[in-house]
1. Per the helix-only calculation at 222 nm, which mean residue ellipticity applies to the protein assembly as shown, given -39500 (n - 2.57) for every DSSP H run of n ≥ 4 and division by its residues, nearest 500 deg cm²/dmol?
2. Accessible area of A:Ser14, 1.4 Å probe, to the nearest 10 Å²?
3. Considering just Cα atoms, how many Å³ per residue does the convex hull of the range B:60-151 enclose?
4. According to the Cα gyration tensor, what semi-axes, each the square root of 5 times an eigenvalue, does the equivalent ellipsoid of chain B have, listed from largest to smallest in whole Å?
5. Loop only per DSSP, at most 11 neighbouring Cβ atoms within 10 Å: give me the trypsin sites (Lys or Arg not before Pro) in the range B:1-80, ordered by residue number.
6. What lysines could a cross-link reach from A:Lys11, if we take a straight Cα to Cα line under 17 Å and drop same-chain neighbours fewer than 8 places away?
7. Quick one: helix B:364-379 against the long Cα principal axis of chain B, what's the angle to the nearest 10°, folded into 0 to 90?
8. Per residue, what volume in Å³ does the Cα convex hull of the range B:272-313 take up?
Amino acid sequence: MTKIFLLSYPKENSSQPVICQLVKHYDVEFNILKAEILPQRDGYLILEMKGLKENINSALEYLRSLGVKAERIAGRVHRDEKKCFQCGACTGICPVGALHIQQPEMTVVFEPEKCTACGLCVTGCPVRAMAVSFDPATEESCVMA
Amino acid sequence: MSEQKQGKTFQVNKTYAEINARIRAGEAVVVTADEMVDIVRQEGPVEAARRVDVVTTGTFSVMCSSGMFFNFGQTNPTIKGQKVWVNKVSAYAGLAAVDAYIGVTEPSENDPLNQVYPGEFRYGGGHVIEDLVAGKKVLLEVKAYPTDCYANTKMHKEVTLADLPYALLCNPRNGYQNYNCAVNLSDRIVYTYMGTLKPNCRNANYCSAGQLSPLLNDPLYRTIGIGTRIFLGGGVGYVTFQGTQHNPAAPRGDNGVPIRPAGTMMVQGDLKKMSPEWLRGVSLQGYGCSLAVGLGVPIPILNEEMAQFTGISDEEIFTHVVDYGYDYTNGVARTYGKVSYAQLRSGEIEVAGKKVPTAPLSSLTGARKIAETLKSWIQQGKFHLGEPVDYFPTADFSFDKPEPQE
């Protein structure tokens with residue numbers, strides 16, 4: 001399976017090589033979508049992981065043991081359904097098709113699972129219905145069911 | 001411009017009075033413009049005209065050239081407002097003592113605009129209108145010079161829509177009959193009123209409800225005229241004149257439908273009876289503020305010609321692909337091809353031999369909901385048709401003798 005995670009680094013670990021271990025020990029392929037990690041600072045990384053479910057879960061456990069918080073990015077991206085008036089402007093902006101038009105109804109669908117949290121839709125939405133937050137204060141559970 | 005055609009004989013002939021009598025009696029047959037496409041296909045225009053009395057249309061999209069006339073009431077001592085702001089958005093006050101007009105594209109006074117490119121344009125006149133309709137308090141600020149009859153020079157107070165003695169949504173140009181499909185052939189991203197356009201023609205945006213759109217269902221303005229009663233912003237409004245830039249001379253297809261931006265409507269209605277669901281302040285990145293307006297027009301099926309017009313489908317409505325990377329800004333009249341709304345809705349069109357993904361800017365689910373709402377209002381006898389007291393400038397057209405294309 002392929003899932004996208006938000007990893008939050010405590011500043012103590014931000015200079016350690018961590019991600020390479022995912023391939024070496026857990027047989028998880030990864031794709032770094034976005035990262036802001038500086039020495040001696042809290043940092044975050046948006047990581048796409050591809051592999052067997054149990055391998056990904058072991059990898060997540062390993063990350064947690066280092067104090068790295070891992071959570072599904074889907075929980076960090078939100079569409080305010082009351083604000084969204086289904087115009088479709090976002091569907092031309094979203095680079096991964098997480099926001100797309102469903103035929104033939106022409107409804108604007110948001111699939112958080114596909115979202116990479118690039119944030120283009122946030123300012124691209126005419127009524128600002130999309131929100132992406134990397135604030136660690138609102139951490140959510142990350143264990144794969 | 002030419003006069004509306006007189007004296008043409010039809011097999012079906014209904015009057016506004018007859019249709020309104022049927023609405024009052026609860027007998028009127030009302031369908032949406034979506035439903036009418038199938039009815040005309042199956043039964044032909046004459047049978048469809050016999051059976052159907054009214055076709056409802058709808059559109060819900062960003063409509064610049066919208067705004068609100070309002071009166072904010074007198075102070076003691078009295079004031080002759082010269083400069084007016086609502087939530088820091090400037091309104092035009094050169095009307096009368098306490099009358100003003102706020103336009104939807106006016107950004108708030110301290111907006112950085114495009115100085116930080118692309119600007120966000122978070123709040124403007126459209127947002128003021130949405131906030132008022134939603135019942136929120138807004139800050140009203142007035143500056144004035146004193147006169148013998150109006151001595152006050154300042155006013156500063158929070159008001160709600162209910163506090164305003166008068167609020168009229170008055171949109172000088174709404175419901176554009178067809179609009180360009182926008183692409184960007186330059187090598188840099190552009191932020192336009194047609195949305196964000198990626199360089200080298202990597203996306204195409206379009207903005208029309210197509211077969212549901214009001215003026216595309218009455219392409220020659222045979223029934224939409226001065227006095228037409230409409231759905232406006234969730235309430236009842238009226239078409240009061242042709243809109244600014246109304247251009248009946250735009251090129252048309254064999255079915256009479258323009259293939260370029262053509263007709264427009266000026267509409268107005270009592271803001272106090274409208275709903276924030278259908279009036280939404282919008283921020284178009286890098287471009288500015290505006291208002292999304294929900295608009296629906298009922299089309300009386302007076303004869304088989306109106307049935308034929310309302311039966312026109314997305315496959316038969318075309319628009320041109322226009323470059324917003326260079327051409328539009330520099331007044332270059334160039335087209336990159338003609339596409340139908342059916343093609344646009346499919347999610348992909350071909351521009352200069354290249355496949356380009358499309359995105360709508362006009363809410364089709366909203367348009368459908370408006371057409372359905374208007375239909376139920378008429379079915380319940382709550383809404384009657386307004387017969388125009390005068391008509392828009394139009395063009396010569398007949399299904400019998402099609403005009404040559406451009």
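The values are calculated or read from the model by the stated rules, or taken from the named source; none is laboratory data. As the structure is a computational prediction, the values presented were derived from the model and not from experiment. Neighbour counts are summed over all protein chains in view; Cβ atoms, including those assigned to glycine, are modelled from backbone coordinates with ideal geometry. To get the accessible areas, we keep the full protein, side chains included, count just its heavy atoms, and leave off ligands, DNA and RNA. Shrake-Rupley method; radii C 1.70, N 1.55, O 1.52, S 1.80 Å.
1. Roughly -5000 deg cm²/dmol at 222 nm, from the helical runs in the protein assembly as shown.
2. Here the accessible area works out near 10 Å².
3. Working: hull volume 10.1 nm³, N = 92.
So the per-residue Cα hull volume is 110 Å³.
4. The three semi-axes for chain B are 37, 29, 17 Å.
5. Numbers: sites: B:Lys5, B:Lys8, B:Lys14, B:Arg22, B:Arg24, B:Arg41, B:Arg50, B:Arg51, B:Lys80; in loops: B:Lys5, B:Lys8, B:Lys14, B:Lys80.
Answer by residue number: B:Lys8.
6. A:Lys69
7. Value to nearest ten degrees: 80.
8. Convex hull volume per residue, Cα atoms: 131 Å³.
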